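Okay, structure first, notes after.
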Amino acid sequence: FEHGDDVNVSRRDNDFLHSISWLMKGLAIELHSLMGHHDNKRTGITSSNNQQLQSLLHRLLSPPNLLLLTTLMDIPLGQSSNGYIRERLHSIALPTSDVQNLSTPMKGPAEICAGYQMIDVDRLLSFRHPNRLNASFENIREWATAWNIFVSRACACTHISQAWSDLVRTALVCSPIVLVNDNNITTMVEQQYQHQATAFCMNTRMIMDILCTILRRLLSPSHLDALGQHGIFLGASEDHDANDVPAAGRNPMEAECAMPLSIAALSLTDILIESSYQYNDAALPNRIVHGDVKAGFGIAEEDAARVCALIVGAISSCAERGSIGVTSPNDGRAAVLSCALTRMLAFSKEASYCIISQNSTPSNILDIYANAIAHLFGLSTVPVFDNQKRYSDAHEAKGGAIALSARSGLSSLFGHLKSIEHQDSVSKVFCSNIFTLDALSTAVARLVNLITCDDNDVTNLLQQIALFEGGVQVLAKSRVTTKLRSFATAYAHEERQFLLSNMGTGVAHQLKPPSLLNGHLSLLNALLSSPLVSSDRVALAVDAYQLLKVYCGTFERLLLSYPSNNDLTTKFIEALYLTYTSLTNESGGSNELGNALWPVDETLLTLESNVLRIACRLSAFPFPSHILPPLPLELINVEKIHTSQMRNITINLGNESTWWDNIPDSAKNSMTLPTPPTGSFDLQRFASDQNGTDFTPWTERKYQYAISSAKCLETSTSFLIKRVHFVTQRDVSTFCIDAVAIAKGVCRCSDASRAIEDRLNVLSRPETDITKMLDSSHVDKSRREYPLSHALKFEREYLLQLGSCLGQCAEKLVCLAIQDARRMAAIRLQSPSGISKSEWAYFVGAMAPALDHTEMENKGVGCAFGDEIAEGSIHMARALRQELEKMKAL
């Protein structure tokens, strides 16, 4: 295939490539036919078809000489190394408009030749006088001939690349079907698990060989040498010299040829991971570990690292033929490879693999990683919109799709580096160096500018950048908080205009929060949680405080509509908590923002009181009222006495409305599960018997609401604890919290966590009858759509989450009571008239029954897995009791 100015030889070579392409396409069609596909319908595999299918697959994929593998290594996918074409194409600079005017579509099948344009030599010679191009007629003719040879070669190479990609994907999809329908192998699965595990491992090795060969072909010559120098190719195949690359594989590949191979690489990555899971299922009975293959996975850690290095090298190779901010034909290829990298890193995370290691990753390979990251950052700076109508044209939509894929790869890579940071110092040093690159800083600045656009995805990548100290510094230089506040200010202005123009129409409750707010709050929380020096953290907290005040009205509407947007509500409260924490921990409040938090302005008071309000609502009703156990009589009497002393207050004694009433009935669309224990099984049984067929069943969706509200309560309580520090500095003599509300929360959360712990102990007993367990939990038999064991599995998982959250809530509510007790005692010592005796008695009268009822001083909270956690709650309860005794003595 080495040709120069001989047009006939070139045409012969291209025809030969097309012939091989048609042959491979025919083989792919034959495989489809043997699989039983006809007119897109699966008709089943007959015994005769199965034998033919196995025979064909054997010839294509069986070692030691895999036909598909050797074909890929030998086929030319780039321009000839002969310099004739390159020299002629650069000899004349013909304007692009002239090339378009003198072009004619390539003749041939539309599916192969569409989009390729040939030069009409006769028209060119008549259209352009040699003197106008400063070239002779012969030079012009040679330029046109070289152009046509170049285009014809690109078409032929693309055709064979696409045909090979289709064939290999079809062949590998067929392979598992043969295994499933082979009676002999089915017998082996049933009787010889160990042998079957080895068979799957061999299949995984075959896929690994083909995938690595594809990725090697996608490498540029410089990357091929760099990766081969350190043995990245070694072990990819036991039957081929991995470092022996044919001359065809060292020529730069055309972008059109690389795209089908990149798609094949993505497909093979999925198949490789799936084959590993099949190995996991086959090896499950014996859990035999071969070599360094970790139990349960058919892909070794070194193989996963090798594939990732090759994918990254292929991405970096794209950067050699493009530049940041300039569209390149290789951008789509890099985006597809980024998706493959995402899949491989997700698998590595599940398998607990370390892809970048201090002992096995040379510096020049780290440079390839850095170059690939910089290239993906350049691709990610294009806006990504949720609505396709936001794109002005197809080209812009394609850029958005490429950017989304590039961001996915970057997020996965940064997430992996962060997860192994504590295991290996290389990732930390690597990321520190990465964020010093000028190209990366430029790309991050462009990403930050997208915050004010309708790009809902950009904050996901910025959150991953904020995980690293160098990343936070780059974001700070890009004025990320300024952009966040700019959007908030613009939205708040529009919100006020909308509410004013619709005053009296009652549409305020229909106003939804901005779609970008979720991502913006997640980014803000990531920044506040990031590793920063004290001064930078305080400066960030100042910006966060001002930003959250802008969203005060939005936050208030979120609470009114709770549990709608419950995750968004929790994120907002978390941002407040992290802001107050930064001020308390870093500077003790003696700074600009700390001084701003001491006085109570209207907006600040609204934010704080809203958090207190939602905490009281959630702590009083962690479950629907009809399944809650009764509160201590002494606590109820304290509340009644306190209410009776308010002469001008009238209370409606009807059924109390709770936030659970705002949840739509989800029984039809959610799996029915046993009702969670809340402190008394007898009470639940009584409630279900009384309601009969009208009783609303407990569902998986309700479990999710209960867990979400418990997390929100925990975050709210953590904020209120931090808030005590600033309330102490204020000249305010009123209560920091409502003692009865906190006492109710302590009782509710403690009772439920302990009951859930008892339920989990019952579920862990192997001798317990499953049917009796579900019957005792009142699962409506008429609604059962899943196996009983399936329902128990989900119940156990949800109870573990819910019980742990409620136990932490009970502990933090006690901590909040301790903090407020100490605050009140300090005020009383400074000024005996600062707190009235009635307020003093109200606090003691509410908290003492809660401690007596829960017996937390001796038992701790429920679901406190670990002796240290249980002891912590016991010590905290005893500390509260001591504070109550001190208050009585004063």
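Would you be able to say whether some residue in the stretch 196-210 is more than 24 Å from Met35 (Cα to Cα) and modelled with pLDDT under 65? Among the residues of the stretch 196-210, at least one is more than 24 Å from Met35 (Cα to Cα) and modelled with pLDDT under 65, which makes the answer yes.
Among the residues making up the stretch 60-69, a single one is without any contact (Cβ under 8 Å) to a residue 24 or more places away in the chain and either over 17 Å from Ser165 (Cα atoms) or open to solvent by less than 80 Å² (accessible area, probe 1.4 Å) (or both): Ser62. Among residues of the stretch 366-391 being among the polar types (S, T, N, Q) and closer than 21 Å to Ile315 by Cα, the one that is least open to solvent (accessible area, probe 1.4 Å) is Ser380. Taken over the stretch 356-401, the criterion of being closer than 18 Å to Leu440 by Cβ, of a type in the set (A, V, I, L, M, F, W, C) and in contact (Cβ under 8 Å) with a residue 40 or more places away in the chain is satisfied by Ile356, Leu366, Ile368, Ala370, Ala372, Ile373, Ala374, Leu376, Phe377, Leu379.
The residues listed here are Leu17, Leu27; of these, the one that is in a helix (DSSP H, G or I), of a type in the set (A, V, I, L, M, F, W, C), at pLDDT 85 or above and over 30 Å from Trp147 (Cβ atoms) is Leu27. Criterion applied to Ser405, Ser432, Ser427, Ser363 was being hydroxyl-bearing (Ser, Thr, Tyr) and either open to solvent by less than 10 Å² (accessible area, probe 1.4 Å) or on the phi > 0 side of the Ramachandran plot (or both), and the one residue passing it is Ser427. Among the residues making up the stretch 869-890, those that are assigned to a helix (DSSP H, G or I) and more than 44 Å from the chain's Cα centre (by Cα) are Arg881, Gln882, Glu883, Leu884, Glu885, Lys886, Met887, Lys888, Ala889. Among the residues making up the stretch 481-530, those that are surrounded by fewer than 19 Cβ atoms within 10 Å (Cβ to Cβ) and aliphatic (A, V, I, L, M) are Ala490, Ala492, Leu499, Leu500, Met503, Val507, Ala508, Leu511. Selection of the stretch 671-686 for residues being at pLDDT 75 or above and open to solvent by 30 Å² or more (accessible area, probe 1.4 Å) yields only Gly679.
For the stretch 512-566, the set of residues classified as under 16 Å from Ala476 (Cβ atoms) and of a type in the set (Lys, Arg) consists of Arg537 only.
Of the residues making up the stretch 347-370, those that are closer than 18 Å to Arg407 by Cβ and either in contact with a His (Cβ under 9 Å, 6 or more places away or on another chain) or modelled with pLDDT under 85 (or both) number 1. Those helices (runs of 4 or more DSSP H) of the stretch 121-195 in which at least 2 residues are open to solvent by less than 70 Å² (accessible area, probe 1.4 Å), over 28 Å from Ser33 (Cβ atoms) and modelled with pLDDT of 75 or more, considering only elements entirely within it, cover 121-127, 137-181.
Is there a residue being open to solvent by less than 70 Å² (accessible area, probe 1.4 Å), modelled with pLDDT of 80 or more and of a type in the set (Asp, Glu) anywhere in the stretch 72-90? No, because not a single residue in the stretch 72-90 is open to solvent by less than 70 Å² (accessible area, probe 1.4 Å), modelled with pLDDT of 80 or more and of a type in the set (Asp, Glu). Within the stretch 732-751, at least one residue is surrounded by 20 or more Cβ atoms within 10 Å (Cβ to Cβ), modelled with pLDDT under 95 and in contact with a Gly (Cβ under 6 Å, 6 or more places away or on another chain).
Residue check: Arg446 meets all listed conditions (1) farther than 29 Å from Val550 by Cα; (2) part of a helix (DSSP H, G or I); (3) charged (D, E, K, R) but one, namely (1). Within the stretch 815-830, residues that are at pLDDT 85 or above and buried (at least 16 other Cβ atoms within 10 Å of the Cβ) sit with their Cβ atoms under 6 Å from residues that are of a type in the set (S, T, N, Q) and assigned to a helix (DSSP H, G or I), at 6+ positions apart or across chains, in these pairs: Leu816/Thr717. Take the stretch 806-863 and flag every residue that is closer than 23 Å to Met646 by Cβ and of a type in the set (Ser, Thr, Tyr). Those that are closer than 23 Å to Met646 by Cβ and of a type in the set (Ser, Thr, Tyr): Ser833, Ser836, Ser838, Tyr842. Of the residues making up the stretch 645-653, one or more are at pLDDT 70 or above, farther than 21 Å from Leu799 by Cβ and not aromatic (Phe, Trp, Tyr). Among the numbered conditions (1) under 30 Å from Ala848 (Cβ atoms); (2) at pLDDT below 90; (3) not hydroxyl-bearing (Ser, Thr, Tyr), the only one that Leu631 does not meet is (2).
Identify all residues within the stretch 448-480 that are open to solvent by less than 40 Å² (accessible area, probe 1.4 Å) and of a type in the set (A, V, I, L, M); write none if there are none. Spell out how you get there, then give the answer.
Looking only at the stretch 448-480, we keep the residues that are open to solvent by less than 40 Å² (accessible area, probe 1.4 Å), and these are 448, 450-451, 455, 457-459, 461-462, 465-466, 468, 470-472, 474-475, 478, 480.
Residues satisfying the conditions are Val448, Leu450, Ile451, Val458, Leu461, Leu462, Ile465, Ala466, Val472, Val474, Leu475, Val480.
I'd like to verify a number: residues in the stretch 340-394 that are of a type in the set (S, T, N, Q) and under 30 Å from Gln229 (Cα atoms), how many? Total meeting the criteria: 11.
Residues in the stretch 656-670 that are modelled with pLDDT of 85 or more and either open to solvent by 90 Å² or more (accessible area, probe 1.4 Å) or touching a strand residue (DSSP E or B) at 6+ places or on another chain (Cβ under 9 Å) (or both): Asp661 alone.
The values are calculated or read from the model by the stated rules, or taken from the named source; none is laboratory data. Not measured: the values here are computed from a predicted model. Note that we place each Cβ from the backbone using ideal geometry, even for glycine, and neighbour counts take in every protein chain shown. We work out accessible area using only protein heavy atoms, side chains counted, and drop any ligands, DNA or RNA first. Shrake-Rupley method; radii C 1.70, N 1.55, O 1.52, S 1.80 Å.
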